[in-house]
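The values are calculated or read from the model by the stated rules, or taken from the named source; none is laboratory data. The structure displayed is predicted, hence computed values, not measured ones. Note that each Cβ is placed from the backbone with ideal geometry, even for glycine, and that neighbours are counted across all protein chains shown. When the accessible area is computed, the model is the full protein with side chains, heavy atoms only, and any ligands, DNA or RNA have been set aside. Shrake-Rupley method; radii C 1.70, N 1.55, O 1.52, S 1.80 Å.
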Amino acid sequence: MKVDEKYIAEMSSIMKLEFSSEELTELTKEINNTFSLLEQLDEIDTEGVEGTFYGAVDLRARFRPDEPVKDEEEVKALLDQAIDTENNQIKVPAILDDGEGGA
Amino acid sequence: MVLHKKSIEELHDMLVSKELTVVELIESTFEYIDSIEKEIGAFISTNKEAALEKAKAIDERGVDPDNVFDGIPIAIKDNIVMKEGKTTAASKMLENFSSVYDATIVEKVNDAGMIIVGKNNMDEFAMGGTTENSYFHDTKNPWDTTKVPGGSSGGSAAAVAAGMVPVSIGTDTGGSVRQPAAFNNLVGIKPTYGTISRYGIIAFASSLDQAGPLTRTAKDNALMMNLLSGRDDKDNTSAEIDIDYTEKIGKDIKGLKVGVPYELFHSKVLKEDVREKVNQAVEKLKELGAEIVEINLPNLKYSVAAYYIIASAEASSNLQRFDGIRYGYHAEDPKSLDDLYVRSRTEGFGPEVRRRIIIGSLALSTDYYDRFYGEATKVRTILRNDYEKALEQVDVIVGPSMTRTAPSLGDVDEKDPAEEYMDDIFTVSVNLTGVPALSLPVGFSNGLPVGMQVIGNYFDEATLYQVANAFQEVTDYHKQYPEIEGGVN
């Protein structure tokens, strides 16, 4: 099984990553090589086996009170990390390329 | 005074008897770090000022003779968040990131009076096995500075091996504590999943990630586990446990059943020098009265493929939070929201991280879900059944921690990633199944340390420490130290 550059480019765009055409060629080659390792799984009989999706041996939902933290210093420190802020909110660039209809 | 070879317990005794003040200990720690850090590169950042301030405060109130951790220096891997200083995960993405809260691990270490001296270098977002994927710099193996320290907790291991600190904390998603422990002559543990709270550990693969301490002795390691383990309401996967990890330390291992998996010792990728040292260690366990039982882990060879699919799939999802908006690296002058996302992530993540995001998203895509991710979760169940069956027959399982000793810096760059991933064949199945495993020093080959892995049943770390301690009582590998240029011996 092989994937082509077009497929990887499509996947990259979904994952919000960009690769130059040289990088894309190299990455596609590497991924195809990795596939040969991953395809080992075709050998093992998993008929009727349930998947394991979690790490915990004893997975139980436990509840705790949902209490808001009202620490102004913490809010300030959090907002300080953001790209831009206005009135205690995070401000993001316009959604449309031409800048219209944005924040 | 030579302090950099002392264990936690030895330093504690010196502090209690007032042979040493905490300030003197911390000053000496930084003096030593300053003398060799240029050669080793174990840290991304250090906290001298805050550390000395805390040391002074402990001296003023007096060292608590009943608290072995009081005033003891420690280093923390830089993917564990801390209010003090920066937390970078060795990524450009978080180069200037300051956390607004402390990880539960950090809280516990601080509350116990330990003094965090700095944050250790690592592979970016814990992805890698050499620490060469760090955005900042390489870390050198103190045993031979032309070699890698392993990874991803390479800085944490190098810091302890070089004697900068008696203990550090790393994280282990597929071997990232045990492998550097093996490469650096240390005891390093990946506890049972759920033992240590993951709150404040920057997530790589949430169903596999566990933190674990790196120390020279099994006893120090067990002491640290007493401090770090336990239920935390902020991590819903943390287990309700109350275990004394030191309880079997000092007990002999007569009659203990030690499983030797055929597949681990006869693997084609295992190097002969490592096999020989681990076989000698098994002989030693036999001399100590253990009963050696040959067992099988028949599906071990599928663990690497299953691991890379699951780990990359979870990583691709976890790393979507880095969007250039709320925190972390923001691209300059974005033309649109999409442009901000794409450029922040493309410029902020290194090549290995980007590769794993793509592999992970591929494994989860509708085209490949059944074949890759779905199949890998089933193989995970099969591996779990294999381990549970094996651990019904024996008390612990032993084998080599790694296929070889530490490779040279730059070696891995020349290898194909798929080939490189096979190096982890002995460690990844433990993360997939959730059982605990530690690596302990069992000898040297051409001056480089060899580690043996001891795997146990869920929440039975105490037996792992029993075995490791019994071995360390009759061997002196863990008492050997590297000679470092510029260091004081």
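Of note:
- Lone unmet requirement of (1) hydrophobic (A, V, I, L, M, F, W, C); (2) in contact with a Phe, Trp or Tyr (Cβ under 8 Å, 6 or more places away or on another chain); (3) at pLDDT below 95 for B:I249: (3)
- Filtering region B:58-76 to residues that are assigned to a helix (DSSP H, G or I) and either of a type in the set (F, W, Y) or in contact with a helix residue (DSSP H, G or I) (Cβ under 9 Å, 6 or more places away or on another chain) (or both) leaves B:I58, B:D59.
- Criterion violated by B:F69 - all others in (1) farther than 22 Å from A:L78 by Cβ; (2) surrounded by fewer than 20 Cβ atoms within 10 Å (Cβ to Cβ); (3) of a type outside the set (V, I, T); (4) out of contact with any strand residue (DSSP E or B) (no Cβ under 8 Å at 6 or more places or on another chain) satisfied: (2)
- Taken as a whole, the condition of being within 7 Å of chain A (Cβ to nearest Cβ), part of a helix (DSSP H, G or I), under 30 Å from B:V258 (Cα atoms) and of a type outside the set (A, V, I, L, M, F, W, C) applies to B:Y302.
- Residue selected from region B:239-273 under the condition under 15 Å from B:V398 (Cα atoms) and among the β-branched types (V, I, T), by the criterion most open to solvent (accessible area, probe 1.4 Å): B:V260
- In this structure, B:I397 does not satisfy being open to solvent by less than 20 Å² (accessible area, probe 1.4 Å), closer than 16 Å to A:S12 by Cβ, β-branched (V, I, T) and in contact (Cβ under 8 Å) with a residue 40 or more places away in the chain.
- Elements of type helices (runs of 4 or more DSSP H) in region B:346-452, at least 3 residues being more than 24 Å from the chain's Cα centre (by Cα) and more than 9 Å from every other protein chain (Cβ to nearest Cβ): B:375-393
- Residues considered: A:A77, A:A82, A:A94. Of these, the only one that is part of a loop (DSSP other than H, G, I, E, B), surrounded by 13 or more Cβ atoms within 10 Å (Cβ to Cβ), at the interface with chain B (Cβ under 7 Å from one of its Cβ atoms) and out of contact with any strand residue (DSSP E or B) (no Cβ under 7 Å at 6 or more places or on another chain) is A:A94.
- Listed conditions (1) modelled with pLDDT under 95; (2) assigned to a loop (DSSP other than H, G, I, E, B); (3) within 23 Å of the chain's Cα centre (by Cα) are all met by A:K2, apart from (3).
- Failed item in (1) under 26 Å from the mean Cα position of the chain (by Cα); (2) surrounded by 21 or more Cβ atoms within 10 Å (Cβ to Cβ); (3) assigned to a helix (DSSP H, G or I), with B:E276 passing the rest: (2)
- Residue count for region B:218-238, restricted to those that are buried (at least 24 other Cβ atoms within 10 Å of the Cβ) and assigned to a loop (DSSP other than H, G, I, E, B): 0.
- Tally of residues being at the interface with chain B (Cβ under 7 Å from one of its Cβ atoms), more than 17 Å from B:Y421 (Cβ to Cβ) and open to solvent by less than 60 Å² (accessible area, probe 1.4 Å) across region A:27-73: 8
- Scanning region B:317-345 for residues that are within 7 Å of chain A (Cβ to nearest Cβ) and aliphatic (A, V, I, L, M) gives B:I325, B:L337, B:L340, B:V342.
- Pairs are defined by a Cβ separation below 9 Å, a sequence spacing of at least 6 or placement on different chains, a first member in region B:271-290 that is farther than 13 Å from B:G443 by Cα, and a second member that is surrounded by 15 or more Cβ atoms within 10 Å (Cβ to Cβ) and of a type in the set (D, E); the pairs so defined are B:A290/B:D395.
- The combined condition, being outside any strand (DSSP E or B), closer than 24 Å to B:Y101 by Cβ, open to solvent by 60 Å² or more (accessible area, probe 1.4 Å) and of a type outside the set (G, A, S), is fulfilled by B:E49.
Per-residue answers, yes or no, for (1) at pLDDT 95 or above; (2) crowded, with 20+ Cβ neighbours inside 10 Å:
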| residue | (1), (2) |
| --- | --- |
| B:R380 | yes, yes |
| B:L391 | yes, yes |
| B:S401 | yes, yes |
| B:D413 | no, no |
| B:Y421 | no, yes |
| B:S429 | yes, yes |
| B:S445 | yes, no |
| B:M452 | yes, yes |
